[in-house]
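> Below are the structure tokens for one structure; questions will follow.
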Amino acid sequence: MARTSGQSGRKQGVANWSRKVTEKSDVLDLEPGVFTLGDPRAIAESLMRSAERSERRRADPYRSAMSMLTFYINRAGGNLSKAERARLEKAKDELRELFGRTPPRH
């Protein structure tokens with residue numbers, strides 16, 4: 001893969017690692033565009049469906065779905081706007097509710 005000007009080898013390596021994790025490891029097969037959905041509940045429902053039907057996951061559906069959401073948030077890092085991060089964090093709460101888990105107390 002050719003690098004574009006201004007792109008560091010480290011950043012490219014991180015992107016490749018992230019892509020390999022999502023393609024090759026025991027992760028969920030996600031519905032296209034799941035993290036771009038505008039409604040946090042819709043994101044959580046999609047992750048739940050993916051986790052429940054996946055044959056590649058090692059953990060229970062809740063842990064797999066939450067791990068994938070957390071992985072995405074962490075990988076996107078500083079590229080997420082405050083609104084996007086808030087929407088994805090709200091999706092975590094929705095996921096907990098869908099699976100009957102109590103949200104953590106702050």
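Readers should treat all values here as calculations from the given coordinates under stated rules, not as data from a laboratory. What you see is a predicted model, and the numbers here were worked out from it, not measured in a lab. Cβ sites come from the backbone with ideal geometry, for glycine too, and all protein chains shown count toward neighbours.
> Modelling each spin label as a point 7 Å along the Cα-to-Cβ direction, I'd like the N74/L37 distance in nm, to one decimal.
Here the modelled spin labels are 2.3 nm apart.
> Give the residue from M68, G38, S50 lying farthest towards the positive end of the charge dipole for segment 31-98; charges sit on Cβ (+1 for Lys and Arg, -1 for Asp and Glu) and the dipole is referred to the Cα centre.
M68
> Is the C-alpha gyration tensor of segment 45-106 telling us rounded, prolate or oblate? Criteria: a/c under 1.5 is rounded; beyond that, a/b larger than b/c is prolate, otherwise oblate. List each step's numbers first, then the result.
On the way: a/c = 2.18, a/b = 1.37, b/c = 1.59.
Oblate, because a/c is 1.5 or more while a/b does not exceed b/c.
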